[in-house]
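What follows is one structure encoded as structure tokens, with my remarks underneath.
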Amino acid sequence: KCGSCGPGYASPLEAMKGPREEIIYVPCIYRNTGRKIPDFLATVDVDPKSPCYSQVIHRLPMPNVGDELHHSGWNACSSCHGDPGRRRNRLVLPSLISSRIYVVDVGTEPRAPRLHKVVNPEDVFWKCDLGYPHTSHCLGSGEVMISTLGDPAGNGKGGFILLDAETFEVKGTWEKGDKVPPMGYDFWYQPRHNVLISTEWGIPKVLGYGFDPNDLGKGRYGRRLNVWDWSTHRYIQAIDVGEDSAPLEIRFLHDPNASQGFVGCTISSAIHRFYKTERGDWAAEKVIQVPSKKVEGWLLPEMPGFITDILISLDDRFLYLSNWLHGDVRQYDISDPRRPRLVGQVFVGGSITKGGPVRVCEDEELRSQPEPFVIQVGPEIVPKFRLGSGSVLPKSRFGISSVLPKSCLEGSVMLQLDVDTEQGGLAVNPKFLVDFGKEPGGPCLAHEMRYPGGDCTSDIWV
């Protein structure tokens with residue numbers, strides 16, 4: 001790391017050479033667990049040489065109840081690497097339900113973060129006419145940009161909040177013009193191609209009560225990738241990836257010259273490759289389909305994989321995805337982005353294991369149901385890691401999902417997966433386990449994680 005250059009690394013390949021992570025920050029949620037206490041930010045020791053390895057070493061409670069902390073981001077990342085005046089010392093924590101935004105000081109004492117500032121929802125509502133913030137990314141301009149799911153009333157609206165990265169005052173919205181998408185969720189930008197692409201989950205006031213199959217076919221879940229002109233901030237194109245597909249996590253390849261990437265569609269359980277065409281616009285094609293399994297003993301006759309997160313390794317060689325319901329994490333070789341190859345797979349729970357209430361009647365992929373894992377609920381968020389490091393995976397019960405309501409009362413666990421970064425392959429590390437079901441305040445729901453040095457989904461190179 002070049003300390004005189006600014007935060008992060010000069011390139012994705014340089015980031016791969018960085019030191020192994022020693023701690024990780026994990027938002028822990030109490031909403032929908034039956035406990036009326038605040039969410040907190042956990043600091044977990046992930047250094048195998050440490051006597052506190054695989055333990056929560058610090059908890060920072062938020063000052064309010066019912067926030068539902070979600071996907072966090074940094075005040076500065078590798079997009080600011082050329083600015084020696086910037087530091088990656090603040091973690092930005094949007095709250096999906098309350099619309100508060102917490103700013104945490106992780107620079108003064110990284111192993112014991114402290115609350116720096118609270119951005120109240122009224123500021124977001126009045127200055128942006130937006131609510132339900134989701135993904136936070138830093139910008140090279142010295143700002144923090146946060147995508148939203150809707151407006152203050154809970155209707156769908158895909159917009160972006162801009163914060164000053166020094167004062168964290170709400171500056172207004174990033175987008176310009178009257179045209180905005182009907183829904184929002186995640187986003188990624190690629191300035192060398194003058195583009196930002198965002199995704200759609202669903203209408204917030206519908207999502208807040210959990211997944212209901214009766215909402216399918218009624219336009220309540222997303223189906224588009226939304227393309228924005230990076231320089232003018234205007235919405236210019238929609239790419240349809242199918243009704244009720246719910247495209248969630250979107251990732252460009254890390255190479256800043258790349259004009260393609262992947263998006264995971266939750267309900268349709270598909271991965272689409274998006275790319276820039278010869279005409280200069282953008283298109284998408286399905287390159288991975290996780291087959292549904294015909295089942296008995298579940299709420300529907302067919303159970304989708306329910307892809308909840310994806311990531312791409314920093315050298316753009318591998319794509320990882322999480323099938324929340326089936327309970328497996330997969331690794332694909334994407335050397336040929338149009339033809340991904342499955343090279344690693346591990347089951348860490350889920351709803352289709354032997355001996356459970358669900359019987360699989362027909363399965364295109366497996367000869368028999370997977371053997372039970374010690375923990376019985378599938379993964380919800382894929383690990384954030386640098387290629388060559390150990391990867392840490394929280395098997396989370398998503399707070400606003402009613403697919404597995406009983407599990408919300410039991411709390412989450414965090415596992416570590418060992419990754420073969422040469423030939424491909426995944427295996428659970430039996431020496432690492434963090435049980436968030438045994439927290440002092442009672443079981444809680446762990447969500448997306450952040451390493452202090454950045455990771456595959458927090459840093460964008462410009």
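The values are calculated or read from the model by the stated rules, or taken from the named source; none is laboratory data. Nothing here was measured: the structure is a model prediction, and the numbers come from that model. When we count neighbours, we look across all protein chains shown, and the Cβ atoms used for this are built from the backbone with ideal geometry, even at glycine. The area values use the complete protein model at the heavy-atom level, side chains included, leaving out ligands, DNA and RNA. Shrake-Rupley method; radii C 1.70, N 1.55, O 1.52, S 1.80 Å.
Could you tell me how many cubic angstrom of Cα convex hull volume the chain has per residue?
Numbers: hull volume 61.4 nm³, N = 462.
Expressed per residue, the convex hull around the Cα atoms of the chain is 133 Å³.
Can you give the local net charge around residue 224? Use residues other than it whose beta-carbon is closer than 10 angstrom to its beta-carbon, Lys and Arg +1, Asp and Glu -1. Don't jump to the answer; show the numbers that get you there.
Values: positive: 223; negative: 200, 240.
So the environment of residue 224 carries a net charge of -1.
Evaluate the charge dipole of region 12-446 about its Cα centre and quote only its size in Debye, nearest 20, assuming +1 on the Cβ of each Lys and Arg and -1 on the Cβ of each Asp and Glu. Write down the numbers at each step before the final one.
Details: 49 positive and 54 negative charges, 67 e Å.
In debye, rounded to 20, region 12-446 gives about 320.
Residue 58 accessible area, nearest 10 Å², 1.4 Å probe?
Residue 58 exposes around 40 Å² with every protein chain in place.
Hey, got the Cα dimensions of region 119-199 along the principal axes, in Å, largest first?
Ordered largest first, region 119-199 gives principal extents of 36, 30, 21 Å.
Along the charge dipole of the chain, Cβ charges K/R +1 and D/E -1, which of 353, 77, 460 sits furthest on the positive end?
77
How would region 157-210 be classified by its alpha-carbon gyration tensor: rounded, prolate or oblate, with rounded meaning a/c under 1.5 and the a/b versus b/c comparison settling the rest?
Working: a/c = 1.91, a/b = 1.31, b/c = 1.45.
Judged from the Cα gyration tensor, region 157-210 comes out oblate (a/c at least 1.5, b/c at or above a/b).
What part of the accessible area of region 12-446, given as a whole %, is carbon or sulfur when the probe is 1.4 angstrom?
Values: 7760 of 16270 Å².
Here carbon and sulfur together make up 48 percent of the probe-accessible area.
Dipole of the chain (Lys/Arg Cβ +1, Asp/Glu Cβ -1, origin at the Cα centre): which of 139, 23, 297 lies farthest to the positive side?
23
How big is the charge dipole of region 125-266 about its Cα centre, in debye rounded to the nearest 20, if each Lys and Arg gets +1 on its Cβ and each Asp and Glu gets -1 on its Cβ?
220 debye
Excluding residue 142 itself, what net charge comes from residues whose Cβ is under 10 Å from its Cβ, given Lys and Arg +1 and Asp and Glu -1?
Numbers: positive: 86; negative: 83, 143, 164, 166.
Residues near residue 142 contribute -3 overall.
What is the calculated FRET efficiency for residue 232 to residue 367, with r their C-beta to C-beta distance and R₀ = 60 Å, to the nearest 0.05? Display every interim value, and only then the final one.
Working: r = 54 Å, r/R0 = 0.89.
The value I calculate is 0.65.
Nearest 20 debye, what's the magnitude of the dipole of region 185-338 about its Cα centre given +1 on Lys and Arg Cβ and -1 on Asp and Glu Cβ?
On the way: 17 positive and 21 negative charges, 48 e Å.
Computed about the Cα centre, the dipole is about 240 debye.
How do the peptides 234-240, 7-13 rank, highest first, by the average count of neighbouring beta carbon atoms within 10 Å per residue? Don't skip to the answer; put the middle values down first.
Numbers: 234-240: 15.1, 7-13: 20.7.
Top of the packing list down: 7-13, 234-240.
Could you please put 433, 139 in sequence from largest to smallest accessible area, using a 1.4 Å probe? List each step's numbers first, then the result.
On the way: 433 85, 139 10 Å².
Final ranking, largest accessible area leading: 433, 139.
Based on DSSP H runs of at least 4 residues, each adding -39500 (n - 2.57), what is the mean residue ellipticity at 222 nm of the chain after dividing by all its residues, to the nearest 500 deg cm²/dmol?
Using -39500 (n - 2.57) per qualifying helix, the result is -500 deg cm²/dmol.
Quick check: net charge around residue 151, other residues with Cβ under 12 Å of its Cβ, Lys/Arg +1 and Asp/Glu -1?
Values: positive: 157, 205; negative: 129.
Counting the neighbours of residue 151, the net charge comes to +1.
Could you list the GluC sites (Glu not before Pro) in region 261-302 that lie in coil according to DSSP, counting only those with at most 13 other Cβ atoms within 10 Å of their Cβ?
On the way: sites: 278, 285, 296, 302; in loops: 278.
Of the GluC sites (Glu not before Pro), the ones in loops of region 261-302 whose Cβ has at most 13 other Cβ atoms within 10 Å are 278.
If you split all Cα-Cα distances of region 231-310 into 5 Å bins from zero, what percentages do you get per bin, shortest first?
Once binned at 5 Å, the Cα pair distances of region 231-310 give 3, 14, 20, 21, 17, 11, 6, 4, 3, 1, 0.
With every protein chain left in place and a probe of 1.4 Å, what is the accessible surface of residue 183, to the nearest 10 Å²?
That residue has around 10 Å² of solvent-accessible surface.
Once a ≥ b ≥ c are taken as the square roots of the eigenvalues of the Cα gyration tensor of region 1-79, is the result rounded (a/c under 1.5), prolate (a/b larger than b/c) or oblate (a/b not larger than b/c)? All intermediate terms of the calculation are to be shown ahead of the outcome.
Working: a/c = 3.21, a/b = 1.70, b/c = 1.89.
Note, shape of region 1-79 comes out oblate.
Can you find, among 161, 236, 99, the residue farthest towards the positive end of the dipole of region 12-446? Put +1 on the C-beta of Lys and Arg, -1 on that of Asp and Glu.
The residue sitting farthest along the positive end of the dipole is 99.
Averaged per residue, what accessible area in Å² does the chain show with a 1.4 Å probe, protein chains only?
Details: 17040 Å² over 462 residues.
I get 37 Å² per residue for this part.
Report ³J(HN,Hα) in whole Hz for each residue of region 421-430, in order, from the Karplus equation J = 6.51 cos²θ - 1.76 cosθ + 1.60 where θ = phi - 60°; Gly and Pro get x.
Listing the rounded values in order: 8, 9, 9, x, x, 10, 8, 6, 7, x Hz.
Please check which bits of region 218-249 a label hung off residue 258 would reach, taking the label as a point 7 Å along Cα-to-C-beta and the cut-off as backbone N under 18 Å.
What the label zone holds, given the 18 Å backbone N cut-off, is 248-249.
Assign one of three labels to region 1-137, namely rounded, prolate or oblate, based on the Cα gyration tensor with a ≥ b ≥ c the square roots of its eigenvalues; rounded applies when a/c is under 1.5, prolate when it is not and a/b is larger than b/c, and oblate otherwise.
On the way: a/c = 2.35, a/b = 1.28, b/c = 1.83.
The shape class here is oblate.
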